[in-house]
Amino acid sequence: AFNFNAGPGTLPVPALQQAARDILDYQGLGLGIMEMSHRSKEFMAIAEQTESLFRELLGIPNNYRILFLQGGASSQFFMVPMNLLAPGTTACYLNTGTWSAKAIKEARRFGTVDVPFSGEADNFRRLPEPTDYTVAHGCQYLYLVSNNTIFGTQFSSFPETDVMLVADMSSDILSRRIPVERFGLIFAGAQKNLGPAGVTIVIVRDDLLDRVADSVPTMLRYKTHADKQSMYNTPPCFAVYLVGEVLKWVKAQGGVEAIEQRNEEKARLIYEMIDSGDYYRGHAEPSSRSRMNVAFNLPTAELEAKFVAAAAKQKMIGLKGHRSVGGCRASIYNAFPVEGVRHLVAFMQRFERENPA
Ligand code: PLP
């Protein structure tokens, strides 16, 4: 089936085939990948390789650490301010949807949060232009969600500011090239573009590790995990392993640049279909459109329900939109094939013909 779900997303078949072999017996050891000690030389090699491949593919400079954590991207909503926002200081958050709103709520437990832009009034259809807001002087960081999974919006470029950027890239990490050096910290849950749920990757500039207050518990300090190469406690071994296999696939595809071109092509095909008439309406304003999640509506809620059900019968699953937007959403992460997108576009054309408004 073609999996249009917003998460967990489709994983590359070669990575899954390799995992199927390694689950039973990793390289003839007589132990499966989930059964090996995380301190064994075999697993340490897997973790190191995963980290170095991720660094290579995203062009992450040497003064950044890469951490494999648990607790999902949602735990980063509090870990970021816990580690980077000292009491009495201010951070700036752009409110571009559900995931930024949750992060704002958590950050307010730790310091002052300034929200100079909110897209709430128009149901998060549009991302801010640089002229829409100013970042208050002295802010510790400017927080943004690079791709808003629910509303189908994505920053095509990042704010130019002297303040360091912190980004939730859960739904577009590794889908395009990014200027890592402009960020103090980037985090992403793995389950859309990187691998299975269960591991969250954090990229953090090493000079930020010492900012943390003494009162922060050991497990919630980035420094704890950085000092121990993410092996302070048992890491999510299988998830880290599978991320490694997914990264090998990305490299074999030609790296992030090639993946980016393919993602552009996939998104273009669907948006062209949407823009070809009045039947389908995109939720996001064209300048804010996401290449990962295409949220759209049909003329009526009844037609939308019929569309989702008819698509599922043809093995295109997960096209129902999030409840806060309604309508439909096609999530087309890295491993989602162009062929699946062509299938959807042909189905959209047919459905429109057979179900006039
Ligand atoms: N941030 C974004 C942009 C997301 O899309 C999601 C989940 O879809 C999350 C955070 C939450 O991730 P998790 O379920 O790993 O906590």
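Laboratory data are not the source of any read-out in this text; all were calculated from the coordinates shown. All values derive from a computational prediction rather than experimental measurement. Here Cβ is always computed from backbone atoms with ideal geometry, including for glycine, and neighbour counts include all displayed protein chains.
What is the distance in Å between the Cα centroid of segment 286-357 and that of segment 143-175? One Cα centre to the other: 24 Å. Restriction of the trypsin sites (Lys or Arg not before Pro) in segment 1-101 to DSSP coil positions whose beta-carbon has at most 16 other beta-carbons within 10 angstrom yields Arg39. With contributions of -39500 (n - 2.57) from each DSSP H run of at least four residues, the per-residue ellipticity at 222 nm computed over the chain stands at -11500 deg cm²/dmol. The P(r) of segment 297-357 has a tail past 14 Å containing 56 percent of all C-alpha pairs. Pairs exceeding a 27 Å alpha-carbon distance, out of Lys41/Lys248; Lys41/Lys223; Lys102/Lys306: Lys102/Lys306. Whole-Hz Karplus values for segment 303-319 come out as 5, 5, 5, 5, 4, 4, 5, 5, 5, 4, 5, 9, 6, 10, 9, x, 8 Hz, taken residue by residue from phi with 6.51 cos²θ - 1.76 cosθ + 1.60 and θ = phi - 60°; glycine and proline positions read x. Partnerless cysteines in the chain, where a partner means another cysteine C-beta under 4.7 angstrom, comprise Cys237, Cys328. Hydrodynamic analysis of the chain uses the Kirkwood radius over alpha carbon pairs. Inserted into Stokes-Einstein at 25 °C and 0.890 mPa s, it gives a translational diffusion coefficient of 116 µm²/s.
Pairs with C-alpha atoms separated by more than 23 Å, drawn from the list Lys251/Lys313; Lys105/Lys320; Lys266/Lys320, are Lys251/Lys313; Lys105/Lys320.
Under conditions of 37 °C and 0.692 mPa s, segment 1-129 yields 176 µm² s⁻¹ as its translational diffusion coefficient, taking Rh as the Kirkwood radius over Cα pairs in the Stokes-Einstein equation. Taking a ≥ b ≥ c as the square roots of the eigenvalues of the alpha carbon gyration tensor, segment 254-354 is prolate, as a/c is not under 1.5 and a/b beats b/c.
For segment 13-252, averaging the sequence separation of C-alpha pairs within contact (under 8 Å, six or more residues apart) and dividing by the residue count gives a relative contact order of 26 percent.
Taking every DSSP beta bridge that has both ends in the chain, the antiparallel portion is near 55%.
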